[in-house]
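S.K.: I have a structure here, written as structure tokens, and I will follow up with some questions on it.
Nothing in this text is a laboratory measurement; each read-out follows from the coordinates by a stated rule. Given the structure is predicted, the values throughout are model-derived calculations rather than measurements. Cβ placement follows ideal geometry from the backbone for every residue including glycine, while neighbour counts extend to all protein chains displayed.
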Amino acid sequence: MFFWSLVLIAVGIFSSFIYGRSRIKLNSKKQGTKSKSLPTYYAQYVLMWCLFPALIVYFSWAIFQEQIIQNIVISNFEFIEGAVYNEGLLLAEIRNVANNPSFADGKSIEIINAASHYSSLRQISQISFYTSIIIIMLLGALYASQKLKPEFHAQHTIERYIQYILIFCSSVAIFTTIGIVFSLIFESLRFFAEVSIFEFLFSTEWYPFIPIREGQTAAEGSFGAVPIFAGTFLVMVVAMCVAVPLGLLTAIYLAEYASQRVRKTVKPLLEILAGIPTIVYGFFAFVSVAPFVKAFGQSIGIDASPTSALAAGMVMGVMIIPFISSLSDDVINSVPQSLREASLGIGANKAETIKKVILPAALPGIVGAFLLAISRAIGETMIVVVAAGTAPNLTGNPFENVTTVTVQIVVALIGDQEFDNPRTLSAFALGLVLFVITLFLNIIALQIVKRYRERYE
Amino acid sequence: MNNSVAKEKIVSLRKKRSLEDMRFKYYGFTAMCLSLAVLVFLLYTIFSKGYTAFQKTIVLLEVDYNQEVLKLTPDSSDEEMEKGKFFRVKKQAIENFFPDLSKSDIKLVKKLFSINVDNEIKDYFLDNPEVINTKQQIWVTAHSDVDQLLKGNSRRDVPEDRRKLNDIQLSYVDQLVEENRVKQVFNNFFFTKADSRHPEIAGVAGSFMGSLFTLFTVFILSFPIAIGASVYLEEFAPKNRITELIEVNISNLAAVPSIVFGLLGLGVLLNVFGLPRSTPLVGGSVLALMTLPTIIIACRASLKAVPPSIKEGALAVGATKTQAVFHHVVPLALPGTLTGTIIGLAQALGETAPLIMIGMIAFIPNIPTGLTEPSAALPVQIYLWVESAERGFQEKSAAAIMVILIFLFMMNAIAVFLRNRFERKW
Amino acid sequence: MSNSKILANSVDVYYGSKQALFGISMDIKEKEVTALIGPSGCGKSTFLRCINRMNDLIEICKVSGSIKVDNEEIISDKTDVVSLRSKIGMVFQKPNPFPKSIFDNVAYGPTIHGLVDSKNDLEEIVHSSLKKAGLFDEVKDRLNEPGTSLSGGQQQRLCIARAIAVNPEIILMDEPCSALDPIATAIIEELIDELRLNYTIIIVTHSMQQAARVSQKTCFFHLGELIETGETNKIFTNPDNTKTQDYITGRFG
């Protein structure tokens, strides 16, 4: 279906273009006047009218067809009374049988019937898909071809259409933000309808209860997110303790001491560190660092759990090193050379120049970089999911198991999602907190960095 | 007199200061080396844990393709052969694997073999139908527990109840090693099969294809939209508050945690629009929205780099603004844009959390063939394997990491190549 | 006073709140070379860019007053900028060939304006434009090489050919030789002399010698005002205004 529909659309593009081109040439010859725009613009005009309506149909069909067919099949399914069905599994079975008749052996008659229903619906859908695409393409081309007169200024129209397309592209970012805010707030409101916002923000017990039997309500669980916030904070602090000294010192060394050659080799290597997927860091934390932390804890007499804030935080710190070092490097490099020369000129050595002149001058920029790094650490998911644990634990001991906002979002959404259950909805409330905090940190950081830049430009 | 004391003081102070300077430089150097050492250690960990996954253990099994047992005849049609009773052949082969096995021993022996052995016996027969009524020595896949033992990943000196293989099974394995009835070969399953509950036949082909489909979606969506948005913002947008709002929005969107994009996908794409769960279509859409700011920023930079004199030249011969931009500026900015897009795609390839949110974490045992089929993705597959208790999956996860890192490396190499080859210096 | 090609009447130009031109009025005759001279920052380029509305590109730039080309007002929202620019070619300070082949550089204008119906016509226009720009003999064997591979002087002549190819009536030149060596400059100056027969040319130059060599009329700008305008010979030998006198004798500039 995919391949042939592409062929169909390609044929549509090609023929509408050729048609528009030759048609306008013919029309202008008939009238004996030169067309106002170049023939290609008339061709593009026909093409746009042929293509865009068809594409809209194409995408909505591709997206909704399976959904609709499945709904029809399920609603017509001859359920046997008393039997318990899992809709997803049932559908998978029906699809399997429909796609591969050899699986039909030993399946119940209802399923075989449903499978043939499914295949026939698919066939109908395919045929009507192709016919409707072709009809819409033809209609579009027909509409456009009526306008193919030499006095019609096709280029203006095309350029206006292009503007519309460009404006649409730019507004995708706005729609994304609106989508994020809308979905977070909408689901959070549903959450706060069942759980009080004060409990969520100030209570210290996180026990997202899953109703097992009927009659039990999910609201019996408790949703005090303080331990989660505390865990997030603890992991973030550990990460910053690792990343700030290493990242900043690396940046200073690269910016002020290292030779051109060292810079040229080390910077790409740090970029590798920055480009490694976070799940790889998670693996590293789980396989190498967590056992090490556990052994270390035992050796100094602390009972460390196999997953701990320390292991996750340390690895997260490593992940953030290149982030801090490259941002600080930029900031340090933008300190004017004249300040450096002034300090060196009165006989200060490099370390003194850096500590007494450059760092104070670069401080706002560096603080901005730290804030961005903190926001990065708070939003990071995979390392903590794998290495920090899932148990809410209000503790300051980094050897213990803690959990973070991102981990709880993942935990709440893995497996069955029921959108009438506060447990599932809590993910959105946590997501809202995360979004607001990171946005806040970013805005402040960008402001600081911007003001800092303006100072030296 | 006073003067010389002061001088001495200064000299000693200078020594101290220069020592301090050295020390500071040394701190920086150490920090840099430490960061790089972590990188090396990380890569070493992955390699040392993962390289064994590229090999699998196979065992020599004598199979009697008896026509009675198979319920086939030499002139059965292909279809009938498909339905031959190969599990009975396998059962027989295992019963005769070692001489004089008791019933309970047979159970233990059976656990030395992969669940896939039925298929291997069948495939061998279908490839060579002439072997009917003969005894054949064929190499079949061993169970993951045997595999891990022979690779040295699981230890035999722990107490029996904490081992996967008990003492009797260990002695069987030792016997096999002694008789050269077991060896290690290249693990083709790792590259040709999708996920499985059984480590020895789990592979990355399914998640790799899932990732490819996802990246394809990301590219199809984000590349044109990013170009459109950048061209508009850079060349056409009037300088007003709406434009400013869009720009601020894009820079803030770039810093939103990826997991929030996952919630967007779940809350809007799945719940509101009803797109199919766990599919590359949804995963790709979410990642496209996520990488869009990155690509737009790169794209605008390369549009900015095209000197305005080119556009002026076109305008001066009477091109409209649209013509000047699309005929001259955009083609010149294209290599830079493409480089930015590939870097954005590389970022999307490694993203895990948003895909978990939209359900690409489901267990998918077959290789996806389209954008709207449920599938896994490489990073999520890694996560699933890291989390699973079975030892056999740990080397798989490390090996899958190697695959993803090589993939990433190639994408970055292409980006660098494009940059060096096509990007113009003005 | 009969064949007036461009008639400017009290043109004011503002960049934001800063006024760059003060009430410029000028009458430019057909098929003559008019040179605009003056110290840098005096507004001569700004005025030049008003004539083909290139100032539209600068968002903060506001133009008021009236410029008539062939008796048609061009400082107006109703002006069709595209056809105006196809009537008025422009050559810039730094040669700016498109990073395409020599052929495509020249062919671009005729193609987008639909001046040609066939490949042969296009080839003919490209060849004749290159000939008029005195470049054809040098590049006829390598029309497919990128325009940027030419030398600076050749690039500038390519840009002239590109401007000629859309068959303009007026050619604006914004310090066309400032980035060129003396030999290339001499070639371009010779070319300007030939082009005068078919085109009205306005040239901005910072070199008084160049103005004296190529132009028939000269206009002297100072601090955004048009100080004096007249026959080139007269301006350079016997100017009316003392400021002009000071400038051409090198007291400031």
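S.K.: Mind checking B:356-364 for the average number of partner chain beta-carbons within 10 Å of each residue's beta-carbon?
M.R.: 3
S.K.: If you don't mind, there's one more thing I want to ask. Between residue B:236 and residue B:67, what is 0.36 nm times their sequence separation minus the Cα-Cα distance? Round to one decimal in nm.
M.R.: 53.0 nm
S.K.: Across 20 Å bins from 0, what is the distribution of all Cα-Cα pair distances for the protein assembly as shown, in whole percents?
M.R.: 9, 29, 31, 21, 8, 1, 0
S.K.: Peptide C:166-172: average number of partner chain Cβ atoms within 10 Å per residue?
M.R.: Partner Cβ neighbours, averaged per residue: 1.
S.K.: Please identify the helices of chain B, taking whole runs of DSSP H, that span at least 18 Å along their own axis as judged from the Cα atoms and have a mean Kyte-Doolittle score of 0.5 or higher.
M.R.: Qualifying helices, which must be both long enough and hydrophobic enough, are B:205-231, B:280-305, B:330-350, B:391-422.
S.K.: Using mean Cβ contacts within 10 Å as the protection proxy, how do C:37-50, C:158-171 order, highest first?
M.R.: Packing order, densest peptide first, comes out as C:158-171, C:37-50.
S.K.: Sorted from largest to smallest, which semi-axis lengths in Å does the alpha carbon gyration tensor of region B:1-139 give for its equivalent ellipsoid, taking the root of 5 times each eigenvalue?
M.R.: The answer is 78, 17, 9 Å, longest axis first.
S.K.: Can you work out the Karplus-derived ³J(HN,Hα) for every residue in region A:3-16? Use 6.51 cos²θ - 1.76 cosθ + 1.60 with θ = phi - 60°, whole Hz, and x for glycine or proline.
M.R.: Per-residue couplings from phi come out as 4, 5, 5, 5, 4, 4, 5, 4, 4, x, 4, 4, 6, 5 Hz.
S.K.: Here's a follow-up. Return the distance in nm (one decimal) between the two label points of a simple spin-label model at residue A:174 and residue B:47, each offset 7 Å from Cα along Cα→Cβ.
M.R.: About 5.2 nm separates the two model spin labels.
S.K.: Using the alpha carbons of chain B, what is the convex hull volume per residue in cubic angstrom, as a whole number?
M.R.: 296
S.K.: Can you tell me the orientation of helix A:109-145 relative to chain A, as the angle in degrees between its alpha-carbon axis and the longest Cα principal axis, to the nearest 10?
M.R.: In chain A, helix A:109-145 runs at an angle near 80 degrees to the longest axis.
S.K.: Let me spell out the model: positive unit charges on the Cβ of Lys and Arg, negative unit charges on the Cβ of Asp and Glu, origin at the Cα centre of region B:2-51. What dipole size does that give, in debye rounded to 20?
M.R.: Here the size comes out at about 260 debye.
S.K.: For a test of understanding, tell me how many lysine pairs in region A:2-152 have Cα atoms under 19 Å apart, given they are 8 or more places apart or on different chains.
M.R.: 12
S.K.: Quickly rank B:193-202, C:194-203 as a protection proxy: mean count of other C-beta atoms within 10 Å, highest first.
M.R.: B:193-202, C:194-203
S.K.: Could you tell me which of A:403, A:228, A:456 has its Cα farthest along the dipole of chain A towards the positive end, charges placed at Cβ (Lys, Arg +1; Asp, Glu -1), taken about the Cα centre?
M.R.: Result: A:456, furthest along the dipole toward the positive end.
S.K.: If one takes the longest principal axis of the Cα atoms in chain A, at what angle in degrees, from 0 to 90 and to the nearest 10, does the Cα axis of helix A:154-194 lie?
M.R.: With both axes taken from Cα atoms, the answer is about 60 degrees.
S.K.: Right, next: For chain B, set up a GNM with springs between Cα atoms under 10 Å and report which of B:309, B:397, B:48 has the largest fluctuation.
M.R.: B:309
S.K.: Rounded, prolate or oblate for chain C? Axes are the square roots of the Cα gyration tensor eigenvalues, ordered a ≥ b ≥ c, and the cut-off for rounded is a/c under 1.5.
M.R.: prolate
S.K.: If you don't mind, there's one more thing I want to ask. Given Cβ point charges of +1 (Lys, Arg) and -1 (Asp, Glu) and nothing else, what value in debye, to the nearest 20, does the dipole of region A:2-152 about its Cα centre take?
M.R.: 1800
S.K.: Another question, then. With label points built 7 Å along Cα→Cβ from the Cα atoms of residue B:251 and residue A:164, find their separation and express it in nm.
M.R.: 3.3
S.K.: Can you give the charge dipole size of chain A about its Cα centre, rounded to the nearest 20 debye, using +1 on the beta carbon of Lys and Arg and -1 on the beta carbon of Asp and Glu?
M.R.: 3000
S.K.: Most mobile of B:57, B:30, B:341 per a Gaussian network model of chain B (Cα springs, under 10 Å)?
M.R.: For chain B, modelled as a Gaussian network with Cα springs under 10 Å, the answer is B:30.
S.K.: How tilted is helix A:290-299 with respect to the longest principal axis of chain A? Cα atoms for both, answer in degrees (0 to 90, nearest 10).
M.R.: So the inclination is approximately 20 degrees.
S.K.: With springs only between Cα atoms under 10 Å, which of B:325, B:272, B:260 fluctuates most in a Gaussian network model of chain B?
M.R.: B:272
S.K.: Two decimals is fine: what's Rg over Rh for chain A, C-alpha atoms, Kirkwood radius as Rh?
M.R.: 1.11
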